[in-house]
Amino acid sequence: MHDVEVKRRLGEDDIAEIADLLMTIEAADHHAALGEHQWLDLVQGGRGGTAGFVARGRGRARVLGYAQLQHGAGSYAIELAVHPAHRGDGVGGDLLAAALGEVAAQGGGHVHLWIAKPTPADDAMAAAAGMRRGRELYQMRRALPLEEDLAKHGAGLSTRAFVAGEDEDAWLALNNRIFSAHPEQGSWSRATIVAREAQPWFDPAGFLLHERDGRLAGFCWTKVADPDDPAAGEIYVIGVDPDLHGRGLGRALLAAGCAHLSAAGCPSVFLYVDAANTAAVGLYRSFAFAVDHHDRAYVADVPASNPPR
Ligand SMILES: CC(C)(COP(=O)(O)OP(=O)(O)OC[C@H]1O[C@@H](n2cnc3c(N)ncnc32)[C@H](O)[C@@H]1OP(=O)(O)O)[C@@H](O)C(=O)NCCC(=O)NCCS
C-alpha cells in the first residue's frame with residue numbers, strides 16, 4: 001500500500017530522496033530514470049506548471065516512486081520513475097492517475113508520457129489510464145573510432161568551438177529554425193541554453209559550430225556526461241540550416257562530432273533520435289549506428305475536470 005503526495009515545490013529533502021531513488025533506478029536499468037529536461041527542472045526548483053508526485057509506502061517514509069508533470073508548448077509531459085523493487089505494485093499506475101488528475105484540474109489538454117525501454121506492463125498501465133501509443137525515440141549506438149571511409153566525410157569541414165556569452169543568440173535562432181516542428185528541441189530560450197552551459201558536463205570544445213559566409217550554418221554538440229565513464233560519448237544535438245540540407249553537411253558534422261569524441265577517449269558513441277525522423281535515422285544508419293533500445297511516448301487528450309462555465 002502506498003500514498004501519493006502532490007508537490008508544487010520540491011524542498012531540499014525531497015530533492016535528496018528523489019535523487020536517491022533516481023540513482024537506484026539508473027543503476028538497475030542502466031538508463032536515466034528521468035529525461036534531462038525534467039531532471040534539470042527538478043533540481044532548479046521547477047518552472048511554472050511543474051508539479052511533482054511522490055509515492056511513499058504507508059507508515060514508512062520510503063519513496064517508492066516519483067512522477068513529474070510539466071506544462072509547456074501547449075501540452076503536458078509526464079515522466080514516471082518507480083523503484084525496481086516496487087514495480088508491479090500499482091505505484092506507476094497511481095502516480096500516473098495523480099498526474100492525469102492534475103492535468104484535468106489545470107484545465108486539461110494533450111499529454112505525453114515517455115517510458116524508457118517500454119514493456120507490455122507499461123502498455124497495459126498506460127491503456128488502463130486511457131492513454132494510447134504515440135512517438136517512439138531510438139537510442140542508436142556504434143563503436144569509435146569511425147572507419148576511414150566514414151571519417152573522411154569530416155575532412156575539410158571547418159568548425160570552431162561554441163563561445164559562451166557570444167554565440168547564444170545566433171545558435172538559438174538557428175536551432176529553433178532547424179527544429180521548428182520538434183516539440184522539445186524547437187522552443188529553446190536563452191534560459192534553456194544558459195542552464196545547459198551551467199551543467200558540469202558542458203564543454204564548449206565539444207560544441208562544434210560550422211559557419212558559412214560569416215553565418216552559422218550547422219552544428220554538432222557532443223556531450224561526455226561522466227568523465228569516469230568515457231564510454232558515454234553522445235551526439236547531443238546535431239542540425240543543419242534547412243536551406244543547406246542535402247549537401248553533405250550533416251554527414252560532415254556527424255563525422256566531426258565522432259572524431260571529437262574519439263579524441264576525448266570515448267570508445268563508443270550514442271544518440272537519441274525520433275524514429276519518424278527519416279533524414280536523421282538514414283544519416284545515422286549510413287554511419288553504421290544501430291538501434292540499442294527505444295523509448296515510447298503514450299499520449300492522451302485529457303478533458304478539464306472543472307470545465308469553465
Ligand atoms: C539530419 C540532418 C542533420 C541531415 O543533414 P543534411 O546536411 O541534410 O544531410 P546530408 O546531406 O549530409 O545527408 C547525409 C545522409 O543523411 C540521410 N538523409 C539526409 N536527408 C534525408 C532525407 N530527407 N531523407 C532520407 N535520408 C536523408 C541520407 O542517408 C544521406 O545520405 P545520401 O545523401 O547519400 O542519401 C538534417 O536533416 C537536419 O538538420 N535535420 C533537422 C535536425 C535533426 O533532425 N537533427 C537530428 C536530431 S537527432
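Would you point out which residue out of Tyr236, Tyr272 is in the same structural domain as Ala161 (by TED's automatic domain parsing), within 11 Å of the ligand (Cβ to nearest atom) and of a type in the set (Phe, Trp, Tyr)?
Unique residue meeting the criteria: Tyr236.
So in the stretch 195-216, with the set limited to residues that are over 21 Å from Val273 (Cβ atoms) and in contact with a helix residue (DSSP H, G or I) (Cβ under 7 Å, 6 or more places away or on another chain), which one is nearest to the ligand (Cβ to nearest atom)?
Leu216
Would you mind stating whether Asn306 is more than 15 Å from Leu150 (Cβ to Cβ) and within 16 Å of the ligand (Cβ to nearest atom)? First the steps, then the outcome.
Details: more than 15 Å from Leu150 (Cβ to Cβ): yes; within 16 Å of the ligand (Cβ to nearest atom): no.
No, not satisfied.
Look through Ala231, Ala256, Ala225 and report the one residue that is within 13 Å of the ligand (Cβ to nearest atom), in contact (Cβ under 8 Å) with a residue 24 or more places away in the chain, aliphatic (A, V, I, L, M) and assigned by TED's automatic domain parsing to the domain that holds Asn175. If you could, list the steps in order and put the result at the bottom.
Details: Ala231 fails: within 13 Å of the ligand (Cβ to nearest atom); Ala225 fails: within 13 Å of the ligand (Cβ to nearest atom).
Result of the check over Ala231, Ala256, Ala225: Ala256.
Condition test on Ser189, is it more than 16 Å from the ligand (Cβ to nearest atom) and hydroxyl-bearing (Ser, Thr, Tyr)? Before you say what the answer is, go through the steps one by one.
Details: more than 16 Å from the ligand (Cβ to nearest atom): yes; hydroxyl-bearing (Ser, Thr, Tyr): yes.
Yes.
Here is a check on your reading of the model: is Asp213 of a type outside the set (Ser, Thr, Tyr), without any contact (Cβ under 8 Å) to a residue 24 or more places away in the chain and over 24 Å from Tyr284 (Cβ atoms)?
On the way: of a type outside the set (Ser, Thr, Tyr): yes; without any contact (Cβ under 8 Å) to a residue 24 or more places away in the chain: yes; over 24 Å from Tyr284 (Cβ atoms): yes.
Considered against the rule, which asks whether it is of a type outside the set (Ser, Thr, Tyr), without any contact (Cβ under 8 Å) to a residue 24 or more places away in the chain and over 24 Å from Tyr284 (Cβ atoms), Asp213 comes out as yes.
Which one is farthest from Ser187 (Cα to Cα) among residues in the stretch 148-169 that are within 16 Å of the ligand (Cβ to nearest atom) and loosely packed, with under 15 Cβ neighbours inside 10 Å?
Residues of the stretch 148-169 that are within 16 Å of the ligand (Cβ to nearest atom), as a first pass: 149-159.
Applying the additional criterion that residues be loosely packed, with under 15 Cβ neighbours inside 10 Å yields 149, 152, 155-156, 158.
Details: Asp149: 36, Lys152: 33, Ala155: 32, Gly156: 32, Ser158: 27 Å.
By that ranking, first place goes to Asp149.
Within the stretch 95-185, which helices (runs of 4 or more DSSP H) (wholly inside it) include 3 or more residues that are in contact with a helix residue (DSSP H, G or I) (Cβ under 9 Å, 6 or more places away or on another chain)? Walk me through it before giving the result.
Numbers: elements: 120-128, 148-151, 168-178.
The qualifying helices (runs of 4 or more DSSP H) are 120-128, 168-178.
State the number of residues belonging to the stretch 257-274 that are surrounded by 15 or more Cβ atoms within 10 Å (Cβ to Cβ) and either of a type in the set (Gly, Ala, Ser) or under 19 Å from Leu157 (Cβ atoms) (or both).
Keep residues of the stretch 257-274 that are surrounded by 15 or more Cβ atoms within 10 Å (Cβ to Cβ), which gives 257-262, 264, 266, 268-274.
With either of a type in the set (Gly, Ala, Ser) or under 19 Å from Leu157 (Cβ atoms) (or both) added as a condition, the list becomes 257-262, 264, 268-269, 271.
The total comes to 10.
Report, by residue number, each residue of the stretch 186-222 that is acidic (Asp, Glu) and either at negative phi or part of a helix (DSSP H, G or I) (or both).
First pass over the stretch 186-222, keeping only residues acidic (Asp, Glu): 197, 203, 211, 213.
The answer is Glu197, Asp203, Glu211.
Conditions (1) within 20 Å of Tyr298 (Cα to Cα); (2) among the hydroxyl-bearing types (Ser, Thr, Tyr); (3) modelled with pLDDT of 95 or more; (4) more than 18 Å from the chain's Cα centre (by Cα), marked per residue:
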| site | (1), (2), (3), (4) |
| --- | --- |
| Phe53 | yes, no, no, yes |
| Arg58 | no, no, no, yes |
| Ser75 | yes, yes, no, no |
| Glu79 | yes, no, no, no |
| Arg87 | yes, no, no, yes |
| Gly90 | yes, no, no, yes |
| Ala97 | yes, no, yes, yes |
| Leu100 | yes, no, yes, yes |
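The values are calculated or read from the model by the stated rules, or taken from the named source; none is laboratory data. Remember, it's a predicted structure, so these values are computed and weren't measured experimentally. Note: ideal-geometry Cβ built from the backbone for every residue, glycine included; neighbour counts use all protein chains shown.
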